[in-house]
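Shown next, in structure tokens, is the structure this report addresses.
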Amino acid sequence: MRCLLTLLCLLLVSPACRAQDSHFRVYGWLDSGYTSSTSGSGLLLVEPRMNRFGQEFLLNQAAFVIDRPLKTDAWSLGFYFQFFAGADAAFLQGPGDIQSSNPRFGGTIRQLYLSAHAPVLTEGGVDFVLGRQGSLMGYESYMAPLRPFYSLTYQWQYGEDGDDTGFYATWHVTKQLDLSYGVTLGSNTFFTLRDDSPCHIAQVNYWLQEEKKTLVTGSFLIGDQAVGKTTPFKPGSLATVVELSVRHTWSDFLTQVIQANLGWDQSVPRIGLGQWVGLYTIGIFQLGPKLDLQARAEWFDDVNGTRTGFATNYGALTTGVAFRPRPWIAVRPEVRADFAGVPAFGPAGFFHRSDRQLTAAVECLVKF
């Protein structure tokens, strides 16, 4: 990590970087919201995430970013630094992160990496990343400006890997095809090896048309603790995840995402083979230049209870709007209904749980 910080500082002060001030960016955002739940107040079990406290206002994210994006037509060096604070930082902390005992506020360096573009092999060249970056998997993101809803899906919470520290390469084979491969230190780590050996992730992104209306993405993840521990069960010996998503632009006003996720973990203590599978679809309808209507339907089966703590099926329906009165501000109210095959919802530590839950939330995002 010290070597990476040193290289980043050299980039900041290098003549090449100073000569390209327009290529250097400083920005950030603030994200906060309030959630009302039929389960009551306090930390809610299982879902929703990240608005996980019922009847409570949260400062979810205060993010500050310095970066230098890569050029795509020549040899290029870049970097990305993201300091991340708030309730979401406390929730997302992993091995190597700054640890916080307060579940409502924490701070960490969520992303820190060096990048390079090499115009070799094909016209699009190859990109390299060394350090901690956001997961390659999934349509959704923990970063508020990059997700459609305040709440996130079961797949994001229980079936993917979070931010990873590692080495990644992306080959832009054609204008429609990208191939990516990475070696990481395990799920959601900050320059710390989570288990005894590294993990591996591979991804294919293919646009079906030259005009890029339909994107098909296939991801494969494997390794010891490749997916973060989320229940009292100890992790197994080898986790594997296969994920397929399709994003299609039906018109100038309608975009749809469909994503399926299948995972299993071998030799989970007291369980054996832990398995899970999920499916969701998201529709984004542009009602006007400042207003979107959004809908999401999802299903998740925690076959052995190794992800959520309950061996059952879950379903959720979410609808909301995104109102942007100015380019730098967005207000996103939503209503979400969750269902489970067993009483899985309720405040943490509360014994009278329910098999259904209704939440109503409103989020405010300010970018600067």
I'd like the full set of residues that are out of contact with any strand residue (DSSP E or B) (no Cβ under 6 Å at 6 or more places or on another chain), among the small types (Gly, Ala, Ser) and either on the phi < 0 side of the Ramachandran plot or outside any loop (DSSP other than H, G, I, E, B) (or both), limited to segment 312-355. Ala344
Output the residues belonging to segment 187-227 that are closer than 17 Å to Gly263 by Cα and touching a Pro at 6+ places or on another chain (Cβ under 7 Å). Gly223, Gln225
Hits in segment 83-109 (condition: part of a strand (DSSP E or B) and either over 18 Å from Ser32 (Cα atoms) or of a type in the set (Phe, Trp, Tyr) (or both)): Phe83, Phe84, Ile109
What are the residues in segment 93-114 that are in contact (Cβ under 8 Å) with a residue 40 or more places away in the chain, closer than 20 Å to Gly28 by Cα and in contact with a Gly (Cβ under 7 Å, 6 or more places away or on another chain), if any? Phe105, Gln111, Leu112, Tyr113, Leu114
Subset of segment 267-295, residues modelled with pLDDT under 95 and surrounded by 15 or more Cβ atoms within 10 Å (Cβ to Cβ), comes to Val268, Ile271, Gly274
Please work out if Ala169 is without any contact (Cβ under 8 Å) to a residue 60 or more places away in the chain and not hydroxyl-bearing (Ser, Thr, Tyr). yes
Say we look at segment 15-35 and pick out the residues that are of a type in the set (Gly, Ala, Ser) and surrounded by fewer than 17 Cβ atoms within 10 Å (Cβ to Cβ); which of these is modelled with the lowest pLDDT? Ala19
If you check Ser251, Ser267, Ser219, which single one turns out to be in contact with a Gly (Cβ under 9 Å, 6 or more places away or on another chain), closer than 30 Å to Ala322 by Cα and not hydrophobic (A, V, I, L, M, F, W, C)? Ser219
Within segment 22-61, tally of residues that are of a type in the set (S, T, N, Q), part of a loop (DSSP other than H, G, I, E, B) and within 18 Å of Asp88 (Cβ to Cβ): 1
Leu365 is checked against (1) touching a helix residue (DSSP H, G or I) at 6+ places or on another chain (Cβ under 7 Å); (2) part of a strand (DSSP E or B); (3) within 30 Å of Phe233 (Cα to Cα) and fails just one. What number does that condition carry? (3)
Return yes when Asp88 is buried (at least 21 other Cβ atoms within 10 Å of the Cβ), charged (D, E, K, R), out of contact with any Ser or Thr (no Cβ under 6 Å at 6 or more places or on another chain) and closer than 24 Å to Gly228 by Cα and no when it is not. yes
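This table checks each residue for (1) surrounded by 21 or more Cβ atoms within 10 Å (Cβ to Cβ); (2) part of a loop (DSSP other than H, G, I, E, B).
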site: Gln157; (1), (2): yes, no
site: Trp171; (1), (2): no, no
site: Lys175; (1), (2): no, yes
site: Leu179; (1), (2): no, no
site: Gly186; (1), (2): yes, yes
site: Phe191; (1), (2): no, yes
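Residue by residue, here is whether (1) without any contact (Cβ under 8 Å) to a residue 60 or more places away in the chain; (2) exposed (fewer than 14 other Cβ atoms within 10 Å of the Cβ); (3) small (Gly, Ala, Ser) holds:
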{"site": "Gln209", "(1), (2), (3)": "yes, yes, no"}
{"site": "Val227", "(1), (2), (3)": "no, no, no"}
{"site": "Thr240", "(1), (2), (3)": "yes, no, no"}
{"site": "Asn261", "(1), (2), (3)": "no, no, no"}
Residues of segment 110-146 classified as in contact with a strand residue (DSSP E or B) (Cβ under 8 Å, 6 or more places away or on another chain), polar (S, T, N, Q) and part of a loop (DSSP other than H, G, I, E, B), total: 2
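The values are calculated or read from the model by the stated rules, or taken from the named source; none is laboratory data. None of the values given here were measured: they were computed from a predicted structure. So basically every Cβ, Gly included, is an ideal-geometry build from the backbone, and we count neighbours across all protein chains shown.
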